[in-house]
């Protein structure tokens, strides 16, 4: 396949928390893919407080590839904080994030990139999740249902790769620094009547290690973040209603 478009320049944010076993392999594939499909690109590796060899490998990759930069958090702040750190220094107007565990590459989000020029936010979704346990499937289902019931959104997948117009981050105030960041930005983008579209993506099982999103601590934080956003938006809505009376 030839380049996706002569007009697509893309910032790729790669959040990493203890991904020393996966990151180098994933970055190398994404560099190859980006050269093949994009006009220009940069990769921003965000080392989110890793305690393994992630930072050392990231610095090595930075020396190897001129398109790579590294941002480091002194402690683990979460997925949302990592994406925001990358977005703050992004030089291109189109931004995506690809996890450092190598479960999705540039080649896997081509359908989303094709739609990104005409949207504020692209939510890519997974059809197959071959390594998901019943527990993880249940958690994903719960999030989708809660977002639908509490916020009225009817998209298929909130916890997968998004593609953003850079200015979305100056228009939306994000509260969550964890996994719920992904759903929160979709919720608030819809409230601002931004154009949100969906596109199918590929999901690949991890090569090694385990997912951090299914840990009880992360699940509880996501749930409490969801409730906090719901209450805050409910308060704003009531405040606006009182003003209009």
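All of the numbers you see were taken from the coordinates with simple rules; none came from a lab. Computed from a predicted model, the values in this text were never measured in an experiment. Here the Cβ positions follow ideal geometry from the backbone for every residue, glycine too, while neighbour counts run over all protein chains shown.
Our summary gives the chain a relative contact order of 22 percent, counting only alpha carbon pairs under 8 angstrom and 6 or more residues apart.
Ordered by the count of other Cβ atoms within 10 Å of each Cβ, fewest first, 163, 45, 89, 145 give 145, 89, 163, 45. Beta bridges from DSSP with both residues in the chain: antiparallel share about 20 percent, rounded to the nearest 5.
The helix-only estimate of mean residue ellipticity at 222 nm for the chain, built from DSSP H runs of length n ≥ 4 each weighted as -39500 (n - 2.57), is -13500 deg cm²/dmol after division by the residue total. Highest mean packing first, where packing is the average number of other Cβ atoms within 10 Å per residue, the peptides 71-78, 148-155 line up as 71-78, 148-155.
Rounded to the nearest 10 degrees, the inclination of helix 23-37 to the longest alpha-carbon principal axis of the chain is 90 degrees.
Packing-based ranking of 102-114, 170-182 yields 102-114, 170-182, ordered from highest to lowest mean Cβ neighbour count within 10 Å.
Between the helical axis of 134-151 and the longest alpha-carbon principal axis of the chain there is an angle of about 50 degrees. Arranged from fewest to most other beta-carbon atoms within 10 Å of their beta carbon, 101, 120, 237 become 237, 120, 101.
Region 210-233 and region 95-158 have Cα centres spaced 16 Å apart. The stretch between residue 239 and residue 56 holds 60.9 nm of extra length on full extension. This uses 0.36 nm per residue minus the Cα-Cα distance. Computed packing ranks the peptides 199-208, 130-139 as 199-208, 130-139, most packed first, by mean other Cβ atoms within 10 Å.
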